[in-house]
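The values are calculated or read from the model by the stated rules, or taken from the named source; none is laboratory data. None of the values given here were measured: they were computed from a predicted structure. Please note: Cβ atoms are built from the backbone with ideal geometry, for glycine as well, and neighbour counts cover all protein chains shown.
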Amino acid sequence: MKKKISFLLLFFTIIFIIMPTTAYADVGPKASVVIDFEGLEGENYYVTLLSNVSSTGPHSVLDETYNNQRYYEEDKEYSIWEKFLSYEDKDGYHFLQYFENCTDTSEFTWGYYPPSKFKILLYFPEQDSFAVSKDVYEKYAFDSYYKVDAKGLKMQSGVINYSIEAEKNYNYTWEIISLVIRIIATIAIEVLIALLFGYRAKKQLLIILVTNVVTQSVLNILLNIINYHQGSMMFVINYVWKEILVFVIEAFVYSICLHKYGNGKSKKWILILYALIANAVSFVGGIFIAYLMPGVF
(Lines give C-alpha, C1' and ligand atoms only; values in the text may rest on other atoms or scores of the structure.)
Protein backbone atom coordinates (compact mmCIF):
# COMPACT_ATOMS: atom_id res chain seq x y z
CA MET A 1 0.00 0.00 0.00
CA LYS A 2 2.78 2.42 0.87
CA LYS A 3 4.37 2.08 -2.53
CA LYS A 4 1.11 3.11 -4.17
CA ILE A 5 1.56 6.64 -2.87
CA SER A 6 4.95 7.07 -4.58
CA PHE A 7 3.27 8.52 -7.68
CA LEU A 8 1.60 11.26 -5.65
CA LEU A 9 4.71 11.85 -3.58
CA LEU A 10 6.72 12.37 -6.75
CA PHE A 11 4.20 14.87 -8.08
CA PHE A 12 4.10 16.90 -4.88
CA THR A 13 7.87 16.74 -4.46
CA ILE A 14 8.32 18.33 -7.88
CA ILE A 15 5.77 21.01 -6.93
CA PHE A 16 7.64 21.69 -3.69
CA ILE A 17 10.92 22.01 -5.57
CA ILE A 18 9.43 24.48 -8.04
CA MET A 19 7.41 26.56 -5.55
CA PRO A 20 8.76 28.08 -2.31
CA THR A 21 7.09 26.52 0.70
CA THR A 22 7.34 26.52 4.45
CA ALA A 23 9.02 23.34 5.67
CA TYR A 24 7.31 21.13 8.21
CA ALA A 25 9.18 18.34 9.94
CA ASP A 26 6.24 15.98 10.43
CA VAL A 27 5.12 15.31 6.85
CA GLY A 28 5.33 12.36 4.52
CA PRO A 29 5.22 8.63 5.21
CA LYS A 30 6.27 7.35 8.62
CA ALA A 31 8.15 4.19 9.49
CA SER A 32 6.03 1.17 10.33
CA VAL A 33 6.07 -2.30 11.82
CA VAL A 34 3.63 -4.75 10.24
CA ILE A 35 3.01 -8.21 11.71
CA ASP A 36 0.97 -10.90 9.97
CA PHE A 37 -0.55 -13.67 12.10
CA GLU A 38 -1.26 -17.20 10.92
CA GLY A 39 -3.22 -19.85 12.81
CA LEU A 40 -5.44 -17.51 14.82
CA GLU A 41 -8.37 -17.45 12.43
CA GLY A 42 -11.64 -17.32 14.36
CA GLU A 43 -9.91 -16.15 17.55
CA ASN A 44 -10.73 -12.82 19.15
CA TYR A 45 -7.45 -11.17 20.04
CA TYR A 46 -5.71 -7.82 20.45
CA VAL A 47 -2.07 -6.99 19.74
CA THR A 48 0.42 -4.42 20.94
CA LEU A 49 4.19 -3.95 20.92
CA LEU A 50 5.99 -3.60 24.23
CA SER A 51 8.78 -1.05 23.99
CA ASN A 52 12.19 -0.95 25.63
CA VAL A 53 11.74 2.82 26.08
CA SER A 54 8.90 4.64 27.83
CA SER A 55 7.86 6.75 24.83
CA THR A 56 8.18 7.00 21.07
CA GLY A 57 6.62 9.86 19.16
CA PRO A 58 3.10 10.48 20.58
CA HIS A 59 3.00 7.07 22.28
CA SER A 60 4.05 6.71 25.89
CA VAL A 61 3.43 4.84 29.12
CA LEU A 62 0.58 6.07 31.29
CA ASP A 63 1.72 9.04 33.32
CA GLU A 64 -1.02 10.88 35.17
CA THR A 65 1.38 13.75 35.78
CA TYR A 66 1.33 14.62 32.09
CA ASN A 67 -2.35 13.68 31.62
CA ASN A 68 -1.57 11.32 28.74
CA GLN A 69 -4.24 8.69 29.36
CA ARG A 70 -5.44 7.42 25.96
CA TYR A 71 -8.63 5.55 26.95
CA TYR A 72 -11.49 6.35 29.33
CA GLU A 73 -14.41 4.40 30.79
CA GLU A 74 -16.81 5.52 28.07
CA ASP A 75 -14.52 4.14 25.35
CA LYS A 76 -15.50 0.81 23.81
CA GLU A 77 -12.08 -0.80 24.32
CA TYR A 78 -11.38 0.67 27.74
CA SER A 79 -11.38 -2.78 29.37
CA ILE A 80 -8.80 -4.05 26.85
CA TRP A 81 -6.61 -1.02 27.53
CA GLU A 82 -6.84 -1.78 31.25
CA LYS A 83 -5.76 -5.37 30.64
CA PHE A 84 -2.71 -4.32 28.66
CA LEU A 85 -1.99 -1.71 31.32
CA SER A 86 -2.04 -4.41 34.02
CA TYR A 87 0.50 -6.58 32.19
CA GLU A 88 3.92 -6.56 33.86
CA ASP A 89 6.71 -7.64 31.57
CA LYS A 90 9.45 -9.69 33.20
CA ASP A 91 12.11 -7.87 31.13
CA GLY A 92 10.79 -4.40 31.92
CA TYR A 93 9.32 -3.60 28.51
CA HIS A 94 6.58 -0.96 28.44
CA PHE A 95 3.00 -0.76 27.18
CA LEU A 96 2.71 2.53 25.25
CA GLN A 97 -1.12 2.58 25.17
CA TYR A 98 -1.39 1.58 21.52
CA PHE A 99 -3.08 -1.66 20.44
CA GLU A 100 -5.27 -3.10 17.68
CA ASN A 101 -7.99 -5.70 17.35
CA CYS A 102 -6.58 -8.14 14.79
CA THR A 103 -9.48 -10.62 14.82
CA ASP A 104 -10.71 -9.78 11.32
CA THR A 105 -7.49 -8.66 9.64
CA SER A 106 -4.91 -11.10 11.10
CA GLU A 107 -2.53 -8.18 10.75
CA PHE A 108 -1.15 -5.64 13.20
CA THR A 109 0.26 -2.34 11.95
CA TRP A 110 2.03 0.26 14.03
CA GLY A 111 2.35 2.96 11.41
CA TYR A 112 3.42 6.02 13.39
CA TYR A 113 6.65 6.03 15.40
CA PRO A 114 6.79 2.31 16.26
CA PRO A 115 9.30 1.20 18.89
CA SER A 116 12.78 0.41 17.58
CA LYS A 117 13.07 -2.59 19.89
CA PHE A 118 9.97 -4.43 20.97
CA LYS A 119 8.26 -7.57 22.19
CA ILE A 120 4.95 -8.76 20.71
CA LEU A 121 2.08 -9.06 23.19
CA LEU A 122 -1.33 -10.61 22.43
CA TYR A 123 -4.40 -10.54 24.64
CA PHE A 124 -7.29 -13.03 24.29
CA PRO A 125 -10.45 -11.68 26.03
CA GLU A 126 -12.34 -14.99 25.99
CA GLN A 127 -9.56 -16.76 27.86
CA ASP A 128 -8.46 -13.62 29.72
CA SER A 129 -4.88 -14.55 28.95
CA PHE A 130 -1.76 -13.17 27.31
CA ALA A 131 0.75 -14.52 24.82
CA VAL A 132 4.09 -12.75 24.50
CA SER A 133 7.14 -13.21 22.32
CA LYS A 134 10.02 -14.91 24.03
CA ASP A 135 12.51 -12.84 22.00
CA VAL A 136 13.05 -9.13 21.38
CA TYR A 137 12.66 -7.87 17.82
CA GLU A 138 13.87 -4.75 16.04
CA LYS A 139 12.65 -2.32 13.40
CA TYR A 140 15.11 -3.42 10.70
CA ALA A 141 13.83 -1.31 7.78
CA PHE A 142 11.69 1.78 7.20
CA ASP A 143 8.74 -0.61 6.77
CA SER A 144 9.57 -3.70 8.82
CA TYR A 145 7.48 -6.79 8.09
CA TYR A 146 7.20 -9.79 10.40
CA LYS A 147 5.16 -12.99 10.36
CA VAL A 148 3.96 -14.97 13.39
CA ASP A 149 2.95 -18.62 12.98
CA ALA A 150 0.63 -19.28 15.93
CA LYS A 151 -0.94 -22.52 14.71
CA GLY A 152 0.25 -24.46 17.77
CA LEU A 153 -0.52 -21.75 20.30
CA LYS A 154 -2.54 -23.07 23.25
CA MET A 155 -4.11 -20.63 25.65
CA GLN A 156 -5.29 -21.32 29.21
CA SER A 157 -7.32 -18.94 31.31
CA GLY A 158 -5.12 -16.61 33.30
CA VAL A 159 -1.87 -18.16 31.98
CA ILE A 160 0.81 -16.22 30.08
CA ASN A 161 2.16 -18.09 27.04
CA TYR A 162 5.77 -17.22 26.20
CA SER A 163 6.04 -19.18 22.95
CA ILE A 164 5.30 -16.46 20.35
CA GLU A 165 7.98 -16.37 17.64
CA ALA A 166 8.22 -13.99 14.69
CA GLU A 167 10.32 -14.01 11.54
CA LYS A 168 11.14 -11.28 9.07
CA ASN A 169 8.62 -11.17 6.24
CA TYR A 170 10.05 -8.52 3.90
CA ASN A 171 9.51 -9.41 0.23
CA TYR A 172 13.12 -9.21 -0.96
CA THR A 173 12.39 -11.31 -4.05
CA TRP A 174 9.86 -8.81 -5.38
CA GLU A 175 12.23 -5.94 -4.58
CA ILE A 176 14.88 -7.54 -6.81
CA ILE A 177 12.35 -8.23 -9.57
CA SER A 178 11.04 -4.65 -9.48
CA LEU A 179 14.62 -3.35 -9.53
CA VAL A 180 15.42 -5.35 -12.69
CA ILE A 181 12.15 -4.27 -14.35
CA ARG A 182 12.91 -0.58 -13.72
CA ILE A 183 16.43 -0.89 -15.12
CA ILE A 184 15.31 -2.77 -18.24
CA ALA A 185 12.39 -0.38 -18.87
CA THR A 186 14.61 2.68 -18.56
CA ILE A 187 17.29 1.29 -20.88
CA ALA A 188 14.65 0.26 -23.44
CA ILE A 189 13.19 3.78 -23.47
CA GLU A 190 16.58 5.45 -23.91
CA VAL A 191 17.67 3.07 -26.69
CA LEU A 192 14.38 3.67 -28.51
CA ILE A 193 14.91 7.43 -28.35
CA ALA A 194 18.47 6.93 -29.60
CA LEU A 195 17.06 5.22 -32.69
CA LEU A 196 14.68 8.14 -33.22
CA PHE A 197 17.66 10.51 -33.05
CA GLY A 198 19.35 8.47 -35.76
CA TYR A 199 21.95 6.78 -33.55
CA ARG A 200 21.82 3.35 -35.14
CA ALA A 201 25.46 2.37 -35.54
CA LYS A 202 26.38 -0.70 -33.49
CA LYS A 203 29.11 1.12 -31.57
CA GLN A 204 26.76 4.02 -30.81
CA LEU A 205 24.11 1.68 -29.45
CA LEU A 206 26.76 -0.24 -27.52
CA ILE A 207 27.98 2.99 -25.86
CA ILE A 208 24.41 3.97 -24.98
CA LEU A 209 23.66 0.48 -23.70
CA VAL A 210 26.78 0.18 -21.53
CA THR A 211 26.41 3.72 -20.17
CA ASN A 212 22.79 3.11 -19.22
CA VAL A 213 23.48 -0.28 -17.68
CA VAL A 214 26.04 1.38 -15.38
CA THR A 215 24.14 4.58 -14.55
CA GLN A 216 20.71 2.99 -14.20
CA SER A 217 21.98 0.05 -12.17
CA VAL A 218 23.79 2.33 -9.71
CA LEU A 219 20.84 4.75 -9.60
CA ASN A 220 18.20 2.11 -8.95
CA ILE A 221 20.26 0.13 -6.46
CA LEU A 222 20.87 3.30 -4.44
CA LEU A 223 17.19 4.20 -4.63
CA ASN A 224 16.21 0.73 -3.43
CA ILE A 225 18.57 1.05 -0.47
CA ILE A 226 17.15 4.48 0.36
CA ASN A 227 13.56 3.21 0.09
CA TYR A 228 14.38 0.22 2.31
CA HIS A 229 15.94 2.29 5.09
CA GLN A 230 14.24 5.70 4.78
CA GLY A 231 10.95 5.16 2.96
CA SER A 232 9.16 6.38 -0.15
CA MET A 233 9.42 10.12 0.57
CA MET A 234 13.23 10.03 0.62
CA PHE A 235 13.09 7.65 -2.35
CA VAL A 236 11.25 10.28 -4.39
CA ILE A 237 13.40 13.21 -3.27
CA ASN A 238 16.59 11.34 -4.12
CA TYR A 239 15.07 10.08 -7.39
CA VAL A 240 14.71 13.69 -8.59
CA TRP A 241 18.25 14.91 -7.97
CA LYS A 242 19.95 11.62 -8.79
CA GLU A 243 18.14 11.55 -12.14
CA ILE A 244 19.60 15.01 -12.85
CA LEU A 245 23.06 13.69 -11.96
CA VAL A 246 22.56 10.73 -14.31
CA PHE A 247 21.68 13.15 -17.12
CA VAL A 248 24.90 15.11 -16.51
CA ILE A 249 27.01 11.94 -16.56
CA GLU A 250 25.36 10.54 -19.67
CA ALA A 251 25.54 13.89 -21.49
CA PHE A 252 29.27 14.04 -20.74
CA VAL A 253 29.91 10.47 -21.94
CA TYR A 254 27.85 10.93 -25.13
CA SER A 255 29.47 14.27 -25.99
CA ILE A 256 32.92 12.65 -25.71
CA CYS A 257 32.28 9.25 -27.30
CA LEU A 258 29.06 9.04 -29.28
CA HIS A 259 29.84 11.53 -32.03
CA LYS A 260 32.84 9.51 -33.19
CA TYR A 261 30.70 6.79 -34.76
CA GLY A 262 27.87 6.58 -37.24
CA ASN A 263 27.23 8.43 -40.45
CA GLY A 264 28.67 11.86 -39.92
CA LYS A 265 29.56 13.57 -36.69
CA SER A 266 26.72 14.80 -34.51
CA LYS A 267 27.09 18.19 -32.93
CA LYS A 268 27.71 17.99 -29.21
CA TRP A 269 24.66 20.07 -28.36
CA ILE A 270 22.48 17.52 -30.17
CA LEU A 271 24.07 14.72 -28.15
CA ILE A 272 23.39 16.66 -24.94
CA LEU A 273 19.84 17.29 -26.14
CA TYR A 274 19.43 13.55 -26.72
CA ALA A 275 20.64 12.79 -23.19
CA LEU A 276 18.23 15.38 -21.79
CA ILE A 277 15.21 14.12 -23.72
CA ALA A 278 16.04 10.45 -23.10
CA ASN A 279 16.32 10.99 -19.35
CA ALA A 280 13.24 13.21 -19.24
CA VAL A 281 11.16 10.62 -21.10
CA SER A 282 12.43 7.78 -18.92
CA PHE A 283 11.71 9.91 -15.83
CA VAL A 284 8.13 10.54 -16.96
CA GLY A 285 7.92 6.89 -18.00
CA GLY A 286 8.86 5.93 -14.46
CA ILE A 287 6.01 8.05 -13.12
CA PHE A 288 3.62 6.38 -15.58
CA ILE A 289 4.82 2.92 -14.57
CA ALA A 290 4.38 3.90 -10.91
CA TYR A 291 0.79 4.85 -11.67
CA LEU A 292 0.00 1.62 -13.53
CA MET A 293 2.13 -0.75 -11.46
CA PRO A 294 2.78 0.81 -8.01
CA GLY A 295 4.77 -2.18 -6.77
CA VAL A 296 7.45 -1.73 -9.43
CA PHE A 297 8.29 1.86 -8.46
Practice task
Determine, yes or no, whether residue 138 is acidic (Asp, Glu), at pLDDT 95 or above and touching a Lys or Arg at 6+ places or on another chain (Cβ under 9 Å).
Solution key: yes
Problem - Leading residue by the ranking (nearest to the chain's Cα centre (by Cα)) among those in segment 34-55 that are part of a strand (DSSP E or B) and more than 14 Å from residue 165 (Cβ to Cβ) - result: 34
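Residues are listed down the side, and each one gets a yes or a no for (1) farther than 27 Å from residue 139 by Cβ; (2) in contact with a Phe, Trp or Tyr (Cβ under 9 Å, 6 or more places away or on another chain); (3) outside the structural domain of residue 147 (by TED's automatic domain parsing):
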{"residue": "188", "(1), (2), (3)": "yes, no, yes"}
{"residue": "217", "(1), (2), (3)": "yes, no, yes"}
{"residue": "235", "(1), (2), (3)": "no, yes, yes"}
{"residue": "244", "(1), (2), (3)": "yes, no, yes"}
{"residue": "253", "(1), (2), (3)": "yes, no, yes"}
{"residue": "258", "(1), (2), (3)": "yes, yes, yes"}
Problem - Pick from segment 220-273, criterion among the charged types (D, E, K, R) and not in a loop (DSSP other than H, G, I, E, B), ranking: surrounded by the most Cβ atoms within 10 Å (Cβ to Cβ) - result: 250
Problem - Total residues in segment 235-254, condition within 18 Å of residue 213 (Cα to Cα) and either of a type outside the set (Ser, Thr, Tyr) or at pLDDT 85 or above (or both) - result: 13
Problem - Unique residue being farther than 19 Å from residue 124 by Cβ and at pLDDT 95 or above when the list is 38, 64, 74, 100 - result: 74
Completion exercise
Matching residues in segment 192-216 (crowded, with 16+ Cβ neighbours inside 10 Å and assigned to a helix (DSSP H, G or I)) number 10
